[in-house]
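A quick write-up on the structure given underneath.
The values are calculated or read from the model by the stated rules, or taken from the named source; none is laboratory data. Treat the numbers as computed from the prediction; the structure is a model and nothing was measured. All Cβ positions, even for glycine, are placed from backbone atoms using ideal geometry, and neighbour counts span all protein chains on display. Please note that ligands, DNA and RNA were not included when accessible areas were found on the heavy atoms of the full protein model with its side chains. Shrake-Rupley method; radii C 1.70, N 1.55, O 1.52, S 1.80 Å.
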Amino acid sequence: VQLQASGGGLVQAGGSLRLSCVASGRTSSADVMGWFRQAPGKEREFVASLNWNGKQFYADSVKGRFTISRDATKTMGYLQMSSLKPDDTAVYYCARGRPWGPPVSAQSEYNYWGQGTLVTVSS
C-alpha cells in the first residue's frame, strides 16, 4: 500500500486549504483513514480520523475547523482545513489503519503512511 499526500502550501491566517491523499496497492474500502501532523521541533500528533461507516474523530485543537472525508471509491481521502492558524503550521501526513475498526488517534493503529505535505500558515 502506498499513500501520496498533496495540497499543502502557504496560506494566511484565517484561510483554507484542502489536503488530498491517494491510496494505491492492496487497500480496502473499509480501512480507517487518518491525518496527523508534525510541527517543527515537536512530535507527530493526531489530527483526524474517519472509519468505514463515516464516523469521525478529531483532535480538540482542530474540532470545528477541519473536516475529514473520503470519496466514494475510498481510495481518495481529504482534509478540509478552514480558519487556519499559525499553530497549524506543520507537515501533514495521511495514514491508513486496519479495516472495520473505529476512528482512532493512536499512531500504532495505522499501518501505512504517506510522505507528508507541508502546510505553512502565516500571521
Residues of segment 107-123 being open to solvent by 30 Å² or more (accessible area, probe 1.4 Å), assigned to a strand (DSSP E or B) and not hydrophobic (A, V, I, L, M, F, W, C), in sequence order, are Asn111, Tyr112, Thr120, Ser122
Residues to consider are Thr75, Thr89; find the one that is under 22 Å from Asp31 (Cβ atoms) and polar (S, T, N, Q).
Thr75
For segment 71-87, name all the residues that are of a type outside the set (Ser, Thr, Tyr), open to solvent by 60 Å² or more (accessible area, probe 1.4 Å) and touching a Gly at 6+ places or on another chain (Cβ under 9 Å).
Lys85
Among the residues of segment 39-69, write down those that are surrounded by 13 or more Cβ atoms within 10 Å (Cβ to Cβ) and over 21 Å from Ser83 (Cβ atoms).
Arg44, Asn51, Trp52
Which is β-branched (Val, Ile, Thr), part of a loop (DSSP other than H, G, I, E, B) and touching a residue at least 24 places away in the same chain (Cβ under 8 Å), of Val91, Val104, Val22?
Val104
Considering only segment 23-38, state which residues are surrounded by fewer than 20 Cβ atoms within 10 Å (Cβ to Cβ) and either aromatic (Phe, Trp, Tyr) or at pLDDT below 95 (or both).
Ser24, Gly25, Arg26, Thr27, Ser28, Ser29, Ala30
So, restricting to strands (runs of 3 or more DSSP E) that lie completely within segment 31-78, which ones have at least 3 residues that are touching a Leu at 6+ places or on another chain (Cβ under 7 Å) and free of Cβ contacts under 8 Å to residues at least 60 places away in the same chain?
66-70
